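A short write-up of the structure that comes next.
Each value in this text was obtained by applying a stated rule to the coordinates, not by laboratory testing. The shown structure was predicted, so the numbers you read here are calculated from the model rather than taken from an experiment. Cβ: placed from backbone, ideal geometry, glycine included. Neighbour counts: every protein chain shown.
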Amino acid sequence: MKKYLLPISLGLFSITAQALLVRDFLHCIEENELTLGILYFFWFLWIIPGSLVGKLFYKYSYLFPITSLLYIPSWLWGHFLVRNSRYISDIPTYELFNIHDLFLYSAIAPAGISFFTGFLFTHCVLWWENNFIHKTSNSQPSTIVRHVYAYEALGAVLGGVITSISIFLGLSHWIPFCISVWFLITSSLLSLDYPFLKKVLPIALLPLLLLSTFLLESWENKSLWNHITKNENFKGKIITQKGEYLYGYDNSQFILLRNLKPALSFPNQEYGLHLLSTFLAQKNDAKNILLIGEPFLYTLPYLININSIKKILWIPFDFELSTKIIPLLSENSLFNNKKLVFPQAEPHSFLKNTDDRFDIILVYTSDPQTISSNQYLTDSFFTLLKTHLADKGIAGIRISGGENFLGGEIATLGASIYFTFQQVFKVNALKPGNETWLFGSLTHPISEHIPTLEQRLSVISQQISEIKPNIVRDLYPADRIIFQKNRYEEVKKFIHEDYLIATENKYLGFLYSNLLYLWKQGYSGLLDKIITIKQITLFLIISSPLCFILARGIYKRKSIQKGKEKYLSTTLETYFAIFVIGTIGMGITILLLIQFQYRYGTLSTYIGLLSSMFMLGLSISPIIFNFLYADKNNKRPFFVLLFLVSICICYTLVILFVLPPYFYTYLAIFFLWGLTLSFLLSLFLNNLDKEAETAQIAVNLEVWDHLGAGMGAFIFPIILLPILGLQYAIGYILFSLLLILLCIPLLQKIPTSQSPSWGRIYGYTLFPILVLCFISTEIYYRSTVPLPEDTFTKIAQELSDGGKLQPETTTLPDNREIRYYSVIKKDENQNEIISYIFSTASLFKVIGYGGEIDIAVKVSQEGIIENIKVIQSNETPDYLSLVENYFFSYKGKNIFQPETISVIDAVSGATTTSDAVKRAVQFAGKEFAQIIQNNNINRSETLFTYGTSTPTTYSVYIFLLFILLAIIFRFFYKDLLRTLWLISVVVILGFWLNIQYGLYSIVQLLSADKLQFHFTISTLLTIGIPVLVLINGNIYCGYLCPFGALSELISKFNWINKRITPTKKTWYTARQFKFILAFLFFLIYFFIRKNKLISIDPLLSFFTLDMSNYITIFGICVLLASLFYNRFWCRVLCPTGAFLSLIQSFRIFSFFWQRTFPAHCDLGISRTEEIDCIQCNRCYKHEKK
């Protein structure tokens, strides 16, 4: 029996400690799903190091009965830290918890209990294996793990039931803690060989723990009260299912703290009269009133004195509070007053189950910072209010507003509620301000007219003298009403309709409240990106797992070598499945709990019971699996799995979308999901028996299961539900189940000849990550980049140098309209000086290295160039920067004399770009000269007309010739021929034409929408080289790269590099570094999208020989390394080569390739499947020998 007690007690304490610490966190810090998601994320994250440390200290697992007691101080640490968090951080109770402190406490508060959860589970498995394995018929490692997991889940069932009963009975949180501590200590003692301790200590320990509980409760309550209120008049504590309340008195004032924050201060006459005047000005003849919300307590002493009112129902959102608080108040008239009724039901549930109708229904909602509070701001709840209105009855709801300003987040929250309310109540009115009230009715003439409201309120003032009718002038100022309504209309124009009307399946109130919370913390701008976030979220949750499965499938397909004895490991697929199962488990639990709360109104009472049913399914399923899998050739587990999955899916869909479920059906569906997911877990764990030992299985179960659970706890309540809605969240659950089923075929053993190289394994992991990052950031930038401004105008303003800029237009003979600017500036003698600024692209089209180039030119009336500046170009940043340094040479040249411009020398290292700039200024200047002179000069026959190609194509033809020769020469290897070829590549393609494929060309390819399809070197490099590599292999690196050719030529000084000859294994490891560099570069570039980053590539700047550029110096150093290691840059550091190697890996047209012989490769290639072969055919020479 003792082998079962310890795992059970471990689960019991774990779930009790978790429930109590989470309750503390929500009560003392911030009560919303954002807080809960962050807490759970760190909670599950800490389990990972705990599991790893547990495996590291596996030799001490025999001490498990003693080390399990470490759970107790770790929970006490977290509990007292959270309870005193505001005091420690000096955050007043009325302020929002700073998000940075929120992350801090979320990380450190659960650290102890979470760390020991992972640590103790691993030691429990090892302890079980070492002490009881000889008594078990089945000794498979996964079976041991499943047994411990099952009994720990059973303990969690007991813990959940005990905690739920304690909350239901209104007991202190110390009671379930005391019970779980007693159970844990007793189980530990029974596992030790000390008979006296076993008999005596458990009996003596229980009263001692109960006494400690009483003392701790008393001390904690008093100290917290003193910290918050700064007085010592603490009287007692009220515990309800939804919260804990401390109460006391300050003179005659009754003070109530809810969850350690001020909740009520009674009486509050000023606010009570303010609230009373707000709604009685709309309807003064009500008989039956329903008030929902705690602050209406302030109005009760006045309402009971109004003769026309017969019945007042007051339901706080924490409905148990009403009957417990009224006897404590100093206002005796409220006690046993026949007009007052306090229904003991949650408001939503009460309205669903009553047939009463009311003249006034008021709902005092705060910002819906939880999904549960969102239910009071949906169209279905407003419709429910409408059905309970009497004839000429009114409904009112309080929302957050603004006195003089409505920012985007709070305006959107208000607009969503306003238009949702307006959709239900066609007749409505608005009371503006920080506390905005919306009033609606079907037939009653609700008004915003001041005289009408004063007349109505004057009737009430006859019975309540404290009410002054003229107060409505402050409550309903006409200008503020118009401003606030107009602001809501503005929001309606730009917000997507899916994010305007709140429904039960779209938690918009919760979404906008979270955005408002983040805005208050300084994180603004998220509101404008909601649609973008939705698109990225949808893409990632669908594509990420599919990319993983696809990459693993391709990897395994390419690794098959039939007839071999070795097999590829399937642990990665197993861990991925466990991760997804953890995500599904947490996600479906959150979804069902939210729907249960929507259906039954309250969750606090039953959350432990519902969670216990889920854990019961988890505990039973491994036992069923072990029974079914006794015969390993039996296929029954797979049929049972399909049956369970089908039942869960159908049952869940029926509950959520078809039929209203009963209470017991929720219990059943929680049990079914626990059973199904645990069965799936057992199936995948069984796959690890031959690939991992018991400790490793236990560690990875804890790591991946809880990591998935943490992810589910974060993405479901914070991202999926508020942004995508219920249907998408359910769709994601079903999609994830399908993914798990797709993982089962990947468990098939794949024969292979040798162990897979680690580079391939990580490559198939990092490449999908890079693809996902690229597409996600592409979605973001395409959705959020603002509309392009008039760049020409902006550049013209910069060139105007403070002068008055005046736009001008003229029409050319070919009917093209040309826009330019005149600049008027006064000299020292106040004489006007006129200059002109024109765009070259509008007059003459010039194609540079990277496509069309546009230059702004500023000229005087005499045609003298005063300044020039680039408007737009796709030139390589380094080349363009080099040319811009020589723009001063254009100053003083005259556009009326084009020959003065033609003599400007080309810039060495950027010949094509500088030539394009010169021709743009020269020929566009000649065209503009005729415009400003307005003469009839006959244009020369030699002038280029608009759109004519430019004389830069000779470099294209030369490069095409080199490509053709490279394809031919790769089939004929001669040392002398290759040396001459490399020299010609360096001299012609490198130093003369500066044609070099690099990161810039890759970025251009990935930015396909910015490509300009002209017959230029840039287009040929961007598109042609990847296509060439795809068809012929990576012959660019082997035959066409000037930098690589120079590196190989330097390496021919073999009297140096032969001294150091690393092994191929060493080279294999070193060669992976260039792939890592490529991964990091593209990852950073995808996020920042700055072309300046491309300047780090020495391939693009080396042949300019600009010694002022440190990248050129770096390139020289790398080349010098080739004296010691052949093609050092190409093999180890070149990210461009890594990109081309990835393209080569597709091997679509590999039948065109020359055969290679890796055994003779002197560049470190050892296998034919290695992707960074540069097709140089040097190995062919050795093979012939």
Simple Cβ-charge dipole of the chain, Lys/Arg +1 and Asp/Glu -1, about Cα centre, in debye nearest 20: 3800 debye
Filter on K845/K1074; K338/K506; K352/K529; K261/K492; K222/K324 - keep pairs with C-alpha separation over 31 Å: K845/K1074; K338/K506; K352/K529; K261/K492
Charge-dipole axis of the chain as Lys and Arg at +1 and Asp and Glu at -1 on Cβ define it, positive-most pick from I397, P343, S544: S544
Cα→Cβ-extended label distance, 7 Å offset, between A1070 and F991, nm: 2.8 nm
Packing-based order for 695-705, 827-837, 723-733, 298-308, using average beta carbon neighbours within 10 Å, highest first: 695-705, 723-733, 298-308, 827-837
Cross-link table K242/K386; K283/K310; K825/K926, entries beyond 21 Å C-alpha to C-alpha: K242/K386; K825/K926
Sites E489 and D356, calculated FRET efficiency, Cβ-Cβ separation with R0 35 Å, nearest 0.05: 0.45
Euclidean distance of C-alpha centroids, the range 501-531 and the range 407-440, integer Å: 16 Å
Pair I623, F1146: separation of 7 Å Cα→Cβ label points (nm): 5.5 nm
Between 0 and 90°, nearest 10: helix 954-969 axis offset from the chain longest Cα axis: 90 degrees
Computed magnitude of the charge dipole of the range 791-933 (debye, nearest 20; Cβ of K, R +1, Cβ of D, E -1): 160 debye
Degrees separating the helix 71-83 axis from the principal Cα axis of the chain, which is the longest one: 90 degrees
Rounded Å value of the spacing that divides the Cα centres of the range 296-333 and the range 691-750: 49 Å
Structure-derived Kirkwood radius over Cα pairs in Å - corresponding label in (1) 36.0; (2) 31.9; (3) 33.6: (1)
Ascending count of other beta-carbon atoms within 10 Å, so fewest first, for F625, F1043, F1053, F576: F1053, F576, F625, F1043
Length released on extending from N305 to I531, taking residue separation times 0.36 nm less the Cα-Cα span: 76.2 nm
Projected label distance in nm at S89 and L171, using a 7 Å step from Cα toward the beta-carbon: 3.2 nm
Quarter of Cα convex hull surface for the range 56-195, i.e. mean projection, nm²: 11.7 nm²
Additional length obtainable on full extension of the chain from L550 to F57, 0.36 nm per residue less Cα span: 173.7 nm
Charge dipole of the chain about the Cα centre (unit charges at C-beta), most positive-ward option of T1112, L515, I66: I66
Most positive-pole-ward Cα, L707, I931, V921, against dipole of the chain from beta carbon charges: L707
222 nm mean residue ellipticity, helices alone, for the chain (DSSP H n ≥ 4; -39,500 (n - 2.57); rounded to 500): -17500 deg cm²/dmol
Computed E for I834/V903 - FRET, C-beta separation, R0 35 angstrom, nearest 0.05: 0.80
FRET E, pair R819, M1107, Förster distance 45 Å, beta-carbon r, rounded to 0.05: 0.60
Extension gain, S543 back to E862 (0.36 nm per residue minus Cα-Cα distance, nm): 108.7 nm
